1. If I ask for residues that are at negative phi, touching a residue at least 40 places away in the same chain (Cβ under 8 Å) and in contact with a helix residue (DSSP H, G or I) (Cβ under 8 Å, 6 or more places away or on another chain), which ones from segment 239-259 would you list?
2. Among the residues of segment 1-13, count how many are at pLDDT below 95 and aliphatic (A, V, I, L, M).
3. Do we have residue 508 as touching a Gly at 6+ places or on another chain (Cβ under 8 Å), of a type in the set (A, V, I, L, M, F, W, C) and closer than 24 Å to residue 254 by Cβ here?
4. Does any residue of segment 357-365 turn out to be acidic (Asp, Glu), at pLDDT 95 or above, over 27 Å from the mean Cα position of the chain (by Cα) and assigned to a helix (DSSP H, G or I)?
5. If the Cβ limit is 9 Å and pairs must be 6+ apart or interchain, which residue in segment 99-128 that is farther than 27 Å from residue 19 by Cβ pairs with which residue that is buried (at least 18 other Cβ atoms within 10 Å of the Cβ) and basic (Lys, Arg)?
6. Going through 186, 202, 166 one at a time, which residue ends up being under 17 Å from residue 142 (Cα atoms) and outside any strand (DSSP E or B)?
7. Out of the residues in segment 315-341 meeting the condition of being among the β-branched types (Val, Ile, Thr) and within 18 Å of residue 300 (Cα to Cα), tell me which one is farthest from the chain's Cα centre (by Cα).
8. Would you confirm, using the coordinates I've provided, whether residue 76 is under 23 Å from residue 21 (Cα atoms), at pLDDT below 95 and surrounded by fewer than 17 Cβ atoms within 10 Å (Cβ to Cβ)?
Amino acid sequence: MTTNQGNQPRGVAVLRNPWLNRGSVFTEEERDRLGLRGLLPPRVSTFADQVSRLKEVIDSEAAPINKYLTLESVHASDEALYFQLVMENVEEYMPLIYTPTVGEACQKFSHIFRYARGLYISSEDRGRVRELVANVPNHDVDIIVVTDGQRILGLGDLGVNGMGIPVGKLALYTACAGVNPQRALPVTLDVGTNNEEFLKDPLYMGLRQHRVTGPEYMALVEEFITAVRERWPNVLIQFEDFQNTNAFALLDAWRDRVTCFNDDIQGTAAVVVTGLYTAVRALKQKLSDQRILFLGAGAAATGIAHLIADAMAEDGIDRNEALKRIALFDSKGLVSSTRGDKLAPNKVPFAQAYENTTDFAQAIRQLKPTCIIGVSAQGGAFTEDVVKAMCEVNARPMIFALSNPTSKAECTAKQAYTWSEGKCLFACGSPFAPVAVGNKTFVPRQGNNSYVFPGIGFGCIFVRAKTIPNQIFLTAAKTLANLVSESDLANGSLYPPLSQVRELSAHIAVAVADYCFKNGLAQVERPADLDKAVREAMWQPTDPKFVFE
C-alpha cells in the first residue's frame, strides 16, 4: 500500500484506516517505521493466519445476519483481509455479503447501522449535489452503484435502508473481478419512502416523507449524474433496484450519453441468455429456432426478452421475426394485442394476436414454446401440469425458474426433474441441491448475475468505455456459455461452478475489452497482450509490503 511521504499517517491513524490497516501482519520494520510498536500484539502474523482467525469467528456465528455484521466490521477496518476471506470462500460467503442475507440487513439497516460507507444524496440536497460529491474522500472513482431503494430485491420500498445493496454489489465487483475497492463508491438517492412502517419507525434514518416523483425526481438524478461525471469523467454508473418504470426511463435517458447500465435489466438478461446458449448447445439446435414464453412481464422479463431477440438476430433471423418468437404472460394472462387492456410500453413489442387465456399451461399448449422462463416471483407457479405440458410439446423442454428466494421460485429443481422424468434442461434463480432421477444425478446451478456483472464492469473500466451497448451483454453471455464444460452439461448444469468466478470474470472482462477496442468504444490504447494486461490490472488483496513513496 502506498501513500504520500509528506502526509504519512502513523500509529493509530494507520490502524483505523481500512485501506492501510494490516493488523497483526505488519512486519517488525513496518511497526517501527509507522509508530505501531506496542499498539499490536508482539507476534507478527501471516495473512493466512488472519484469514483463518476471522473465518473461525464467522463460522462460530449461527445466524446469517450475525455473520454479515461480523464481516462488515472487518470490511470497515481491514479491506484486504475482508476481500481475501471472501475470495477464498466465494460460494460460502456470497450469500452473506449479498442475497439473501443482505435483504435482512437492509430491512434492519436503521437499527443495526454501525459504519458510514458511501454517499447519501437526498431530495433536500437539490442544487448542492456537487458539494456532496466533493466531500467524498476517494481521489479517483472508477465505478458507482446507485439505488433509490424503491425496489430492493423482492422486499419492496426500503428507502434509505437500501444502502446495503450498493455496498454488497461493489464488494462482489472486487471479490469476483478485481475492481479496486478504493475506487468504488456506493450511492443512495433518498427521495423518501412509501413504506409506512419505516415512516413510523423512530429510528428510521432516511427522509420522513413520501417519495418524490416526476420531474423533481428526474432532476435530482440528472444533477447527481452531472456532478459525479464532472469530478470523475470516466466513472461507470450502475443503476440498481430502481422501480420498473424509473429503471427503464433512466436507462433509456442515459445509456447513450454516459457509461452506465442496469444490472436488474441487462445483467439478468445476460445470465439468462448464457443459459439459453448453453442449453441449445446441449440440444444441438440453433437459438433462432427457439420459442420463448415468459411468466412475468416486468423489467427483468422484457430486459431478458430484448436481449434474446438480439441474440436470435445475431443468429441469422430478422429482429422483428425474433420478437414474434417471444411471448409474455402477466397477471392478466397471455399478453396479446387483442386482450383489450392498455399495455405498458415495455410489453407492446411482444404482443401478438394470440387467443386469450389466463391459464399458463393452456398458453403452453397453444404457443408450443421450447423454453419457459419464470420471473414472476410467484412460488409454485410452474405446476406439474405446466411441466407436463412442456413435455407434451418438447422432447427436452427448457425450464428456467428464475425467481428468488426459494419461496418465490416457480418450481424447485426436484419438481422440474421429477415431473419431466429427467428430460428438462433446468436453470434456477435460487440455489438447489443435486437431484437424483432414476440412475442419474442432476446438478442444477443458479443463474446468478454475479457470473457476469463483475467481468462486464471491470472490462468497461479497463478500457474506459464510452457507453455500454447491448452487444456487450451478448458478448459476456457467449463468453460465459463457452466456459461451460462438457462434464457440466452431462450433469445438467447450464453454468460453470461459481467457485471459478474470478477466472470466469477475467475471461468476460477480456472479451468485453476486446469488443470495445474493435468497436471504437475504448478510450485507452490497446495493450499488446490484452489478456495479460487485464489480469494484471485486477486488484489483489495480497499481503503487500507496506511502502510509502
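The values are calculated or read from the model by the stated rules, or taken from the named source; none is laboratory data. Not measured: the values here are computed from a predicted model. We place every Cβ from the backbone using ideal geometry, glycine too, and count neighbours over all the protein chains shown.
1. Scanning segment 239-259 gives 239, 240, 242, 244, 246, 247, 248, 258, 259.
2. 1
3. So residue 508 passes the test.
4. No: zero hits.
5. Qualifying pairs under 9 Å: 123/211.
6. Exactly one residue qualifies, and that residue is 166.
7. Looking at the filtered set, the residue picked out is 335.
8. no
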